[in-house]
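S.K.: This is the structure I have questions about; it appears just below.
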Amino acid sequence: MDLYEHQGKELFRAQQIATPRGIVATSGDEAAAATRELGGKSVVKVQVQVGGRGKGGGVVLVDSPERAAEEAARMLGVDFKGHQVTQVLCEELLPIAQEFYTSILLDRSTGDYLAMMTAEGGMDIEELARTRPEALRRVHVDAMLGLRAFHVRELTGCLPLEAREGAADIVRRMFALTQEQDATLVEINPLVLLSDGRVVALDAKVTIDDNALFRHEDIEAMKAAFPIDPVQARANEQGLQYVKLDGNVGIIGNGAGLVMSTLDVVAQAGARAANFLDVGGGASADQMATSLEVVLSDPAVKAVFINIFGGITRCDLVAEGVLAALDRVDAQVPLVVRLDGTNAEAGRRILAEAAHPKVVPAATMGEAAERAAAIVNGEAA
Amino acid sequence: MSILVGADTRLVVQGLTGKEGTFHTLRNRAYGTAVVAGVTPGKGGQDVEGIPVHDTVADAVRERGANTSMIFVPPRFAAEAILEAADAGIGLVICITEGIPVKDMAHVHSYLRGCDTLLVGPNCPGVISPGVANVGIIPPEVCRPGRVGFVSRSGTLVYQIVHELTQRGIGQSTCVGMGGDPVHGIGFIESLALFEADPGTDLMIMTGEIGGDDEERAADYVAQDVNKPVVAYIAGFEAPPGKRMGHAGAIVTGSQGTAAAKAEALEAAGVRVARTPSQVAELVQDALG
């Protein structure tokens, strides 16, 4: 779960990492009041779960409450890179002497943490790692051993002397965040040295492990701030893995790998998937009905491709589940159903005997994809 | 012949007394796997259909000679269960549990570096050596004994592809479900190394998906150290960046971890990469001649 900047900073303050004074606003008036409170000037920043805000016009310096109101109203009115903006953060302006970059992330390829620091602030870090790797200090931190003093000295050694102590303190607290709050990414870009010698986190990018939210109720509660699509909410409630995409073939399958593969096969057949939906292991009538409702709630869907491989799940039960779901859900588009694996023949027989007008049976994944593509492309199925 | 699980496997099941644990353990036993014990703290002395339950893995090792563990305990306790098994001297731990916090797995990863214990998973379907032993939830009905080794991040793609191999009469030595989590136990490289050394395996299949760089690293390994033919399949060409596709580890981050980059790396290493799951069986048949 990617946190908004102000939520990340809330965790920073709890960890005693210094941040600028800031106030969240949800309207132009609130932004004006916040800016007045902050001394008449501020930086207004969109709060979205996506990066690249600076370049995209999502961070603006304002020199009056009126300007803050204007900018906030502009930001709150539009999508930012496809993300709905419902909050902006107004922060005090600080006298910056120098900008740096630091981050700690869980490194999946080594199974430990990777901490990075550079004296070059405001850079695209992937770009810097590629073009001038010597400018970027990197240390791998074993989870059990933890971040040690020598790690910290190596990291902060690339900074000017006067910033090292403050940065060292922050990087230790960032590692504590990974361990205490299950953060898989803590990034500060820029980390700044102020003209009075303090080191402060000007930005905060924090990702919390979804699998660990059960032990962080306070962070789980931060989800309430995110605009959520009602269809997504319904899928989540039912424990279905649903991701909206932009094609018009609705997809229901069992198992993440098989569903990903189904999207690819549909693309090869000349159509595009409208979604990813993993119905999970059971594929019962209940799960199938909810899945159908979720997929069909997308008006772009012109056909549905149900791709089930029966392992422990038996295809005859899946076939009954599909038919029972169709009793509950009024499907206006054809459902191409492909069943394979355990009891596949029995499952196909059940579908054939029911001869439901909306069900188009297919023998293989490839054939099913072709049929679904033909339907959405206006050819005869 | 086979790798990881076989006739020598003496299985202890951590979380045997739970619903899933009981269901799959009994299926594994019915297949012929030697299930020697279960572990549920506080339930020592009971039994499940004749399988004795102990309070600790150490007891199961001492009293039943367990050498392999399968884990079905809930996510919040699963990392602890892996550590307990390793500490008790279990040689192979197969963790089925999905949803373990990744920080917990980073700690497990750190601890296992100092042990001889091999971990498969978590969030995996397990390991089957057809005709010999099944440890996990892979449906044995779709498998048949043979000489193709299989390692996969996805469970259902194993079932799908193995089913198609079996229909063509191509059997499998062992199928390893390495799991879909970002921090996991053995992966493509370790599995390919075991298959390369296994006289019962003639060819290997690996199926990957978006996220991380396991496939790219496997490609380097194949180019340098693998002589047997390798066939691959990668899922997720259509997955948009930044969206998690079901598995915790299946996410394209920025420009990292795309299916296209993985397929390209594997092809450059001489691996035959199928474009659809069904094409895997065709390529295997061609390669076997």
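S.K.: Tell me which residues, restricted to region B:161-202, are within 18 Å of B:Leu283 (Cα to Cα), surrounded by fewer than 24 Cβ atoms within 10 Å (Cβ to Cβ) and within 12 Å of chain A (Cβ to nearest Cβ).
M.R.: B:His163, B:Glu164, B:Thr166, B:Gln167
S.K.: Could you list, in sequence order, all residues of region A:42-64 that are among the β-branched types (Val, Ile, Thr) and over 13 Å from A:Leu89 (Cβ atoms)? Full working, then the answer.
M.R.: The first filter runs over region A:42-64 and keeps only residues among the β-branched types (Val, Ile, Thr), leaving A:43-44, A:46, A:48, A:50, A:59-60, A:62.
The one that is among the β-branched types (Val, Ile, Thr) and over 13 Å from A:Leu89 (Cβ atoms): A:Val50.
S.K.: Take A:Asp330 and tell me if it is assigned by TED's automatic domain parsing to the domain that holds A:Gly366 and modelled with pLDDT under 95.
M.R.: Values: assigned by TED's automatic domain parsing to the domain that holds A:Gly366: yes; modelled with pLDDT under 95: yes.
Considered against the rule, which asks whether it is assigned by TED's automatic domain parsing to the domain that holds A:Gly366 and modelled with pLDDT under 95, A:Asp330 comes out as yes.
S.K.: What residue, of A:Asp182, A:Asp196, A:Asp169, is buried (at least 18 other Cβ atoms within 10 Å of the Cβ) and of a type outside the set (Val, Ile, Thr)? Full working, then the answer.
M.R.: Numbers: A:Asp196 fails: buried (at least 18 other Cβ atoms within 10 Å of the Cβ); A:Asp169 fails: buried (at least 18 other Cβ atoms within 10 Å of the Cβ).
Answer to the check: A:Asp182.
S.K.: Identify, by number, the condition in (1) crowded, with 24+ Cβ neighbours inside 10 Å; (2) under 18 Å from B:Asp181 (Cα atoms) that B:Asn134 doesn't meet.
M.R.: (2)
S.K.: Further, regarding this structure: Among the residues of region A:230-250, are any under 22 Å from the mean Cα position of the chain (by Cα), away from every other protein chain (no Cβ under 13 Å) and hydrophobic (A, V, I, L, M, F, W, C)?
M.R.: First, the residues of region A:230-250 that are under 22 Å from the mean Cα position of the chain (by Cα): A:230-247, A:250.
From what is left, the residues that are away from every other protein chain (no Cβ under 13 Å) are A:230-231, A:233-234, A:237-238, A:250.
Now narrow it down to the ones that are hydrophobic (A, V, I, L, M, F, W, C): A:231, A:233.
Yes, the conditions are met somewhere in region A:230-250.
S.K.: Another question, if that's okay. Residues to consider are A:Ala355, A:Ala362; find the one that is at pLDDT below 95, more than 32 Å from the chain's Cα centre (by Cα) and exposed (fewer than 15 other Cβ atoms within 10 Å of the Cβ). Spell out the reasoning first.
M.R.: Working: A:Ala362 fails: exposed (fewer than 15 other Cβ atoms within 10 Å of the Cβ).
The match here is A:Ala355.
S.K.: Which condition from (1) within 16 Å of the chain's Cα centre (by Cα); (2) under 27 Å from A:Ala149 (Cβ atoms) is the one that A:Glu220 breaks?
M.R.: Every condition holds for A:Glu220 apart from (2).
S.K.: Here's another thing I want to ask about it. Please find, among B:Thr40, B:Thr17, B:Thr25, the residue that is under 18 Å from the mean Cα position of the chain (by Cα), crowded, with 19+ Cβ neighbours inside 10 Å and modelled with pLDDT of 95 or more. Explain how you work it out, then say what you get.
M.R.: Working: B:Thr40 fails: under 18 Å from the mean Cα position of the chain (by Cα); B:Thr17 fails: under 18 Å from the mean Cα position of the chain (by Cα).
Only one candidate qualifies: B:Thr25.
S.K.: Taking the residues in region A:74-112 that are of a type in the set (A, V, I, L, M) and within 13 Å of chain B (Cβ to nearest Cβ) as candidates, determine which candidate is surrounded by the most Cβ atoms within 10 Å (Cβ to Cβ).
M.R.: Taking region A:74-112 first, the residues of a type in the set (A, V, I, L, M) are A:75-76, A:78, A:85, A:88-89, A:93-94, A:96-97, A:104-106.
Next, from what is left, pick out any that are within 13 Å of chain B (Cβ to nearest Cβ): A:104-106.
Numbers: A:Ile104: 25, A:Leu105: 17, A:Leu106: 23.
Among residues in region A:74-112 that are of a type in the set (A, V, I, L, M) and within 13 Å of chain B (Cβ to nearest Cβ), the one surrounded by the most Cβ atoms within 10 Å (Cβ to Cβ) is A:Ile104.
S.K.: Could you grab me the full set of residues in region B:166-209 that are among the β-branched types (Val, Ile, Thr) and in a helix (DSSP H, G or I)?
M.R.: We begin by selecting, within region B:166-209, every residue among the β-branched types (Val, Ile, Thr); these are B:166, B:170, B:174, B:176, B:183, B:186, B:189, B:201, B:205, B:207.
Residues satisfying the conditions are B:Thr166, B:Ile189.
S.K.: Now, a different point. Restricting the first residue to region B:70-89 and requiring it to be not assigned by TED's automatic domain parsing to the domain that holds B:His184 and hydroxyl-bearing (Ser, Thr, Tyr), which pairs with a second residue that is at pLDDT below 95 and in a loop (DSSP other than H, G, I, E, B) meet a Cβ separation below 9 Å and a spacing of at least six or different chains?
M.R.: That search, which allows pairs on different chains as well, returns nothing.
S.K.: Do the conditions hold for B:Phe77, that is, is it aromatic (Phe, Trp, Tyr) and in contact with a strand residue (DSSP E or B) (Cβ under 8 Å, 6 or more places away or on another chain)? Steps first, answer last, please.
M.R.: Numbers: aromatic (Phe, Trp, Tyr): yes; in contact with a strand residue (DSSP E or B) (Cβ under 8 Å, 6 or more places away or on another chain): no.
Considered against the rule, which asks whether it is aromatic (Phe, Trp, Tyr) and in contact with a strand residue (DSSP E or B) (Cβ under 8 Å, 6 or more places away or on another chain), B:Phe77 comes out as no.
S.K.: How many residues does region B:58-78 hold that are over 21 Å from the mean Cα position of the chain (by Cα) and of a type in the set (Val, Ile, Thr)?
M.R.: Of the residues in region B:58-78, 1 are over 21 Å from the mean Cα position of the chain (by Cα) and of a type in the set (Val, Ile, Thr).
S.K.: Right, next: Quick check on my filter: what residues within region B:194-221 are closer than 17 Å to B:Gly149 by Cβ and touching a Phe, Trp or Tyr at 6+ places or on another chain (Cβ under 8 Å)?
M.R.: Answer for region B:194-221, where residues must be closer than 17 Å to B:Gly149 by Cβ and touching a Phe, Trp or Tyr at 6+ places or on another chain (Cβ under 8 Å): B:Thr201, B:Met204, B:Ile205, B:Met206, B:Thr207, B:Gly208, B:Asp214, B:Glu215, B:Ala218, B:Tyr221.
S.K.: While we're on this one: Among the residues of region A:326-344, which ones are among the β-branched types (Val, Ile, Thr) and in contact with a strand residue (DSSP E or B) (Cβ under 6 Å, 6 or more places away or on another chain)?
M.R.: Listed by number, the residues that qualify are A:Val333, A:Val336, A:Val337, A:Thr342.
S.K.: Continuing with this model, one more query. Before we move on, is B:Asp59 over 30 Å from A:Ala183 (Cβ atoms) and either outside any strand (DSSP E or B) or of a type outside the set (A, V, I, L, M) (or both)? Outline the logic, then answer.
M.R.: Numbers: over 30 Å from A:Ala183 (Cβ atoms): yes; either outside any strand (DSSP E or B) or of a type outside the set (A, V, I, L, M) (or both): yes.
Yes; evaluated as a whole, the condition is true for this residue.
S.K.: Here is a check on your reading of the model: is A:Asp286 under 31 Å from the mean Cα position of the chain (by Cα), charged (D, E, K, R) and more than 14 Å from every other protein chain (Cβ to nearest Cβ)? Explain how you work it out, then say what you get.
M.R.: Working: under 31 Å from the mean Cα position of the chain (by Cα): yes; charged (D, E, K, R): yes; more than 14 Å from every other protein chain (Cβ to nearest Cβ): yes.
In short, yes.
S.K.: Pairs only if they're at least six apart or on different chains, beta carbon under 8 angstrom, first in region B:266-279 and within 14 Å of chain A (Cβ to nearest Cβ), second at pLDDT below 95 and in a loop (DSSP other than H, G, I, E, B); list them, first residue then second.
M.R.: Filtered contacts from region B:266-279: B:Ser278/A:Thr364.
S.K.: For B:Val226, work out the one condition from (1) farther than 24 Å from B:Thr9 by Cα; (2) touching an Asp or Glu at 6+ places or on another chain (Cβ under 6 Å); (3) within 14 Å of chain A (Cβ to nearest Cβ) it doesn't fulfil.
M.R.: Evaluating B:Val226 over (1) farther than 24 Å from B:Thr9 by Cα; (2) touching an Asp or Glu at 6+ places or on another chain (Cβ under 6 Å); (3) within 14 Å of chain A (Cβ to nearest Cβ) leaves (3) as the failure.
S.K.: Still on this structure: Kindly establish whether A:Leu296 is more than 9 Å from chain B (Cβ to nearest Cβ), farther than 23 Å from B:Val158 by Cβ, in contact with a Gly (Cβ under 8 Å, 6 or more places away or on another chain) and surrounded by fewer than 24 Cβ atoms within 10 Å (Cβ to Cβ). Step through it out loud before you land on a result.
M.R.: Details: more than 9 Å from chain B (Cβ to nearest Cβ): yes; farther than 23 Å from B:Val158 by Cβ: yes; in contact with a Gly (Cβ under 8 Å, 6 or more places away or on another chain): yes; surrounded by fewer than 24 Cβ atoms within 10 Å (Cβ to Cβ): yes.
For A:Leu296, the condition - more than 9 Å from chain B (Cβ to nearest Cβ), farther than 23 Å from B:Val158 by Cβ, in contact with a Gly (Cβ under 8 Å, 6 or more places away or on another chain) and surrounded by fewer than 24 Cβ atoms within 10 Å (Cβ to Cβ) - is met.
The values are calculated or read from the model by the stated rules, or taken from the named source; none is laboratory data. Computed from a predicted structure; not experimentally measured. Positions of Cβ are generated from backbone atoms using ideal geometry, with glycine treated the same way; all protein chains shown enter the neighbour counts.
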